[in-house]
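What follows is a short report on a single structure.
The values are calculated or read from the model by the stated rules, or taken from the named source; none is laboratory data. Everything numeric in this text was worked out from a predicted model, so none of it was measured. No Cβ is skipped: glycine too gets one built from the backbone with ideal geometry, and neighbour counts run over all protein chains shown.
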C-alpha cells in the first residue's frame, strides 16, 4: 500500500529561493523518478529542509513546540533579500496524499512565518479534501500524520550518499539495518513496548534487596550478551581456519599424488626454454604481421611497378601542363611596357611582343599533353611518394622477413623438441619445497585452531556459568515479585513480544535475503560470482555467498560494490515490507564508477516504488547516463544559483538538456 505521495512543494522566500518557487511531482505508470539537478550550494539541502518543515514543523529540529531555538533556526533560513525589504512573506507548502481509514485523501499544509522586530511568528493552515481544518481538527490531523508517517520514517526514506559512505567506512552496516528493519516492519512498536514494560517492572522494586538484584541481573545480562558475541566471532574464526586447513590439505595431497606418479621436472631449464619459445612466437607474430601488411599493401604495386612509373610520368606531365598554362596566362597579361619603363628601357609594341615571346619560349613547355588523372597537387605527391617506396631495398626487406620467419620457425621447433625431451627428465626439488611449505602452513593453522578451540571452550564454560548465575538471580527476583500480578503479566507480555518480534524478524529476513540477493546479482558486473546474501536475524551480520557456496570476504568488495550491497538490502527490506513510500536520493552516485551508476539508475531506482526523488550534480549524472534514465523520469528540474544576486532559479530540464526557467507562480 502506498502510504504517502508528494504532489507539489512550494518555497516562498526560503533560503536562496526568492519569491514563490514550486516543484510539481506528477506520477505516471512507467515513470517514477523526479530528477532535480543542481551544483553544490544551489539549494538541494534547502529543498529537503523545506519538505521536513512543511510536514513536521518543530519536530524537524527535534522539538515538540515552537521554542525560541526553533524560531532562531527559522529566522536563519529566511531569504535575506526578502528580510531586507521587509516583504514579510515567508512560506513553505506541501501538497500530498496519504491513506487514512483505507482511503486516499488529498492534503495541503501551509506554514507561514512573519517577522516583526526580529521576532518570528508561525501560522499553520491545513486543507484536507478541500476543507480548512480548525485548531482541534489540526491536532487530530498532525497526530495521525506523525503516527502513519513519522519523521523517523521520512529520514529512513532519505538516502544521503555521504551518510551511506560513512556507514560503510565505519562498519555500521549491521547497526543501520537493525534500526531500519525494526521501523519498516513495525517491530519497533514491540521493542518500545518491551522497553516500557521493563521500565514499569523496574518501578515495582520497593526495597534495597530488589534493587541490588535487578542491578546484578542487568549486569549479568550485559556480560552474557558480550560473551555470546565473542563466541560467535570465535566460531566464525574457527570455521575460517577449518576451511583453510581443508584447502591446504587438499593441495598437499594433490602434490603428493603428482610426486608419486610423475616426479618433478627440471624447473629452471623448462622455464628458460618456455620463455625462449614465447619470445620466438612473439617475434614470429610481429614478422608475420609485417609480411601480411607487405602482401596486402605493397606487393600488388611491385607487380605493376612499370605501370605505376607510367602513371607517375603522366602526373608529372599533367603538372607541367598546368604550370605552363598558368604561366602563359600570366605572361600574356603582363604589362611589359610598364616594366621596361621602370627599368629605364625604351619600349615599343614590337619589343613588348618580343619580350613576351621570349618569356613564353623559356618558361612554357610546348609539349602536347592529354589530361587523364586531373589529380590535385596533394594526390600527385602521395602517388609519387608511394612510387619511390617501390624500390629494391623494400623488396629486400620483404625477402629478409620471409627468411627470418623461416629461421624462427625452425628455431621454435628445435626448442619445443628440447622441451619435450626435458619433460622426460624428473626432478623433485620444487615439489619437495611445496610440500615442506604446505606442511609448515598446516602445522601453523593447526596450532592456531587449537588455540581457538581452547578459547572457545573457556568461553563456553564462562557462558554456562553466567547462564546459571542469571537463572539464580532471575529466580530470586521472580520470587520477590511473584505476588505482584501485573509484574507477572508484564513479564509474560515481554516474553511473548520478544519471541514474536524475533520470529517475525527471522521470517522477514528470509524475504529480504531473497530480494536483496536477486537485486545485488542484477546490479553487479560479476553476476556469476555471487550466489546469495545471508543476514543474521539477531546480529544483522551480512554474509555474501559466492558461486561455490563459500562465504566471501566482504573486504575484497570495493567501496562501490559495498554501496550496491547495502542499497540492495535496503531495497529488499522495503520490497518485503510492501510499504511504498516516497524515496529521496541525495548525491547517491558520487563515489561510483560509470557502470555501477548505470546499474543503479536503470535497474534499482525504477523499482524503488511509485515515487523517487533524485537530487544530483551534473558530475554524478552525465549526458549519457541521463539518456539511459530518461524513460523513467516523470519530471526534471535544474537548480541554477546566481552568485551575483545570491538567488536560485528553478529551470525545467536537467542542466543543459532543454533547460528553461520555470516562471514564479
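Results, tabulated for the structure shown:
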{"quantity": "Selection count, segment 43-71, where residues are in a loop (DSSP other than H, G, I, E, B) and crowded, with 22+ Cβ neighbours inside 10 Å", "calculated": "1"}
{"quantity": "Scan of segment 637-662 for residues that are at pLDDT below 90, in a strand (DSSP E or B) and in contact with a helix residue (DSSP H, G or I) (Cβ under 8 Å, 6 or more places away or on another chain), ordered by number", "calculated": "654, 657"}
{"quantity": "Set 60, 33, 12, 46: member being within 24 Å of residue 118 (Cβ to Cβ) and touching a helix residue (DSSP H, G or I) at 6+ places or on another chain (Cβ under 7 Å)", "calculated": "60"}
{"quantity": "Members of segment 142-186 found to be surrounded by fewer than 19 Cβ atoms within 10 Å (Cβ to Cβ) and either part of a loop (DSSP other than H, G, I, E, B) or at positive phi (or both), listed by number", "calculated": "150, 170, 171, 172, 186"}
{"quantity": "Selected residue (criterion: farthest from the chain's Cα centre (by Cα)) from residues of segment 257-274 that are surrounded by 11 or more Cβ atoms within 10 Å (Cβ to Cβ) and at pLDDT 60 or above", "calculated": "259"}
{"quantity": "Extreme residue, nearest to residue 130 (Cα to Cα), among residues of segment 84-108 that are in contact (Cβ under 8 Å) with a residue 60 or more places away in the chain and not in a strand (DSSP E or B)", "calculated": "89"}
